Amino acid sequence: MHVYADNAATTPLSETAFQAMLPYLRQCCGNPSSTHAPGREAARALREARERIAACLGAEPEEIVFTSGGSESDNQAILTAARLGAAAGKRHVISTAVEHHAVLRPLERLAREGYDVTLLPVPEDGIVRTEDVRAAIRRDTVFVSVMHANNEIGTVQPIGEIGAVCREAGVLFHTDAVQTAGHLPICTDELSVDLLSLSAHKFHGPKGIGALYVRRGVSPASLIEGGGQEGGRRAGTENIAAIVGMAAALEESCRRREKDAAHTAALRDRLIAGLSGIPGAVLNGDPVRRLPGNVSFCFSGIEGEALLWQLDRCGVYASVGSACTSAAYAPSHVLLALGRSPDLARGALRLTISAETTEEEIGYIVDVVRRSVAYLRECTGAASERSDE
Ligand SMILES: *Cc1c(COP(=O)(O)O)cnc(C)c1O
């Protein structure tokens, strides 16, 4: 059996998105900046995709900037907000200890450039407290960046509440919604966000395409200088096929969201219940306020990397935490921020399921994880006995 349980790392392209892309990979070859007929045809496709994506987010088409994905959107959001602050003489920024590296690394750069960066701690349940955000805001605070849902432990943050606090304080608010777009309802006005990042390959669209929502009145800084595409906010010829695929995937995900979320969350809870029965298993993150497809555990006394290897051999494809860090053997910054010891954090396993996952697969995963954990503990037990001799 083969079970893909790494949907937080990436999702397979949907048939709908694939079919929508085909004409733009073949016949429709124009550059949307050209004024001839093929160019106008490409420009029309671009305009329609922008309208459809904006509609899914409760936004205006002009508020959508296409980027190469979640990482670029996060970088552009942080840089935009920082520049606007510096222009007003403000240099304090607020974020959290559990953000994705696409937010944390640009924040580190701002710190090197003389910005004062406050990273809020997160309690053991993985939920950022709105009161902590309120208390951290100062007169010189430029922006707050809090992710909508965490990619490792799946916890969903009270973005609407935090947005209201930022709005009241007159501080810009960015959210990395890469894990939630297409999976949870998103309305930019209800969330009171000024900047919001999304990435198509996390909701069954193609890889290498994303968007940054930029509220009207906020002027975004361009990371890439060149032509005047995207209203001067992002240079480079638009990837029309990918953009059209992203629009189709987002619409389909939003249309199916409620039904898919109910099915996925029910399977998630069965998986959590099954894995909780393994000795030394600790669930990471709030059991309820989490993404419908996210299951994250630490198993004491084992290495997550070794567990992944065992699962891979049995056809279960999972992750230790984020795909971006699993090459580095250091324990996850997210799990350490929750207060897990480095030893326990090294025994992490993230399983992210989708609406395609079946009950039979859940049973198989539980069985394979249980056997693999027991096997690895036996191996380390035997090894430490040998070293005792
Ligand atoms: C995947 C992910 C990103 C990066 O998106 P890419 O499109 O792969 O660059 C950023 N933030 C979060 C929360 C993610 O899950």
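Taken together, the values in this text are just the output of simple stated rules run on the coordinates, not laboratory data. The model shown is predicted, which means the values in this text are computed figures rather than measured ones. Because the Cβ atoms are built from the backbone with ideal geometry, glycine has one as well, and the counts that use them run over all protein chains shown.
Computed values, structure above
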{"item": "Rg followed by Dmax, in Å, when the chain is reduced to its Cα trace", "result": "21.8, 81"}
{"item": "Computed FRET value (nearest 0.05) for E359 with R167, which takes r as the C-beta separation and R₀ as 35 Å", "result": "0.20"}
{"item": "Added length on full extension, which subtracts the Cα-Cα distance from 0.36 nm per residue, Y317 to Q27", "result": "100.7 nm"}
{"item": "Pairwise centroid distance, computed over Cα atoms, of region 243-259 with region 85-114, Å", "result": "32 Å"}
{"item": "Acute angle (nearest 10 degrees) that the helix 304-313 long axis makes with the longest principal axis of the chain, alpha-carbon atoms", "result": "90 degrees"}
{"item": "DSSP bridge pairs, the chain: antiparallel proportion in percent, nearest 5", "result": "55 percent"}
{"item": "Peptides ranked, highest mean first, by Cβ atoms within 10 Å: ranges 162-173, 75-86, 109-120", "result": "75-86, 162-173, 109-120"}
{"item": "With Cα atoms, 0 to 90° folded angle of helix 37-57 axis to the chain main axis", "result": "60 degrees"}
{"item": "Segment R109-H36, extension gain: residue separation times 0.36 nm, minus the distance between their alpha carbons", "result": "22.0 nm"}
{"item": "Sequence ranges 372-379, 272-279, 181-188, 345-352, ranked by mean other-Cβ count within 10 angstrom, highest first", "result": "345-352, 181-188, 372-379, 272-279"}
{"item": "Mean residue ellipticity (222 nm) of the chain, computed from DSSP H runs ≥ 4 via -39,500 (n - 2.57), nearest 500", "result": "-14000 deg cm²/dmol"}
{"item": "Computed lengthening from D286 to Q19, 0.36 nm per intervening residue step minus Cα-Cα distance", "result": "92.3 nm"}
{"item": "Cα→Cβ-extended label distance, 7 Å offset, between V117 and R44, nm", "result": "4.7 nm"}
{"item": "Distance from region 167-232 to region 269-293 (C-alpha centre basis), Å", "result": "30 Å"}
{"item": "Crossing angle, helix 101-112 versus the chain [Cα axis fit, 0-90 degrees, rounded to tens]", "result": "70 degrees"}
{"item": "Over the chain, relative contact order from alpha-carbon pairs under 8 Å, at least 6 apart, %", "result": "22 percent"}
